[in-house]
Amino acid sequence: MTKKETETKPTEEKAELPGFDLNEYIAGPLQDTGLIIKREIATIPAKKPNSQQWIRVHPTDEILVDVIDWKDEGTLYLVSQSKLSLMFEQTKRVRLHIAMFLSGNPFLLPVPQPDVNGNWNQWHKSLARMAEMAKTHWLRIQPDRTINGYIPYIAEGKIAEPIWPDKTISEYLAISFRDNIIDSEDHPIVK
């Protein structure tokens, strides 16, 4: 046989796998397995979104609390009212809004409130207006130093309404501040 004849000779089909029955692998009608998968929420950050994140704010769920913003760690600590006097000068009052990123992940949006004299930082006042707008619109919050505040960018078009987790505000706080609650004089932040 010449080289050319061996190159043009048809290849033989491979034999089936011994014991392989194709009928065992052909998909039939779907069957109810009884399996239910539920997404659990294990982490809820308490933070201001970055300027590229689309957010919505829950129309009613919010709470007024006192926190310490530990800038070295980038962490908010929830302060028990019974321990407020221990660190009063370092606490700030915030309105925590239940909010959601476009990805479907919930978070708590902390909006600082006026101080005891009624003075309200322009940036914080602007953020409060953004939170109100986000109750009815998907938006991004863009900081603008020329106005000392935020500019809203509202999404238009067909964006699905958020599906809010079936959780109480107490459950949101418990998940978000699980390791960041100041309720004792022995807390490292107090010391």
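For the range 60-101, just say rounded, prolate or oblate: build the C-alpha gyration tensor, square-root its eigenvalues into a ≥ b ≥ c, call rounded for a/c under 1.5, and beyond that prolate if a/b exceeds b/c, oblate if not. Oblate, since a/c reaches 1.5 and b/c is not below a/b. The angle between the Cα long axis of helix 122-133 and the main principal axis of the chain comes to about 50°, on a 0 to 90 degree scale. Please tell me which of these pairs span more than 18 angstrom C-alpha to C-alpha: LYS48/LYS71; LYS48/LYS92; LYS38/LYS135? Table pairs above 18 Å Cα-Cα are LYS38/LYS135. Net charge in the neighbourhood of GLN81 (other residues with Cβ under 10 Å of its Cβ; Lys, Arg +1, Asp, Glu -1) is -1. In terms of its C-alpha gyration tensor, the range 43-182 comes out oblate, because a/c is 1.5 or above while a/b does not outweigh b/c. Note on the chain: GNM, Cα springs under 10 Å; of VAL79, VAL94, VAL116, the largest mean-square fluctuation is that of VAL116. Given a 10 angstrom Cα cut-off, can you work out which residue in GLY34, GLY149, GLY118 is the most mobile in a GNM of the chain? In this elastic network of the chain, the residue with the biggest mean-square fluctuation among GLY34, GLY149, GLY118 is GLY34. Under a Gaussian network description of the chain, with springs only between Cα atoms under 10 Å, the residue in GLU132, GLU62, GLU73 that fluctuates furthest is GLU73. Across the range 43-182, C-alpha contacts under 8 Å between residues 6 or more apart give a mean separation that, scaled by the residue count, equals a relative contact order of 31 percent. Backbone phi angles across the range 55-65, fed through the Karplus curve with coefficients 6.51, -1.76 and 1.60 (θ = phi - 60°), yield HN-Hα couplings of 9, 10, 10, 4, x, 10, 7, 7, 8, 9, 9 Hz in residue order; Gly and Pro are listed as x.
All of the numbers you see were taken from the coordinates with simple rules; none came from a lab. Note that this is a predicted model, so its numbers are computed, not measured. We place every Cβ from the backbone using ideal geometry, glycine too, and count neighbours over all the protein chains shown.
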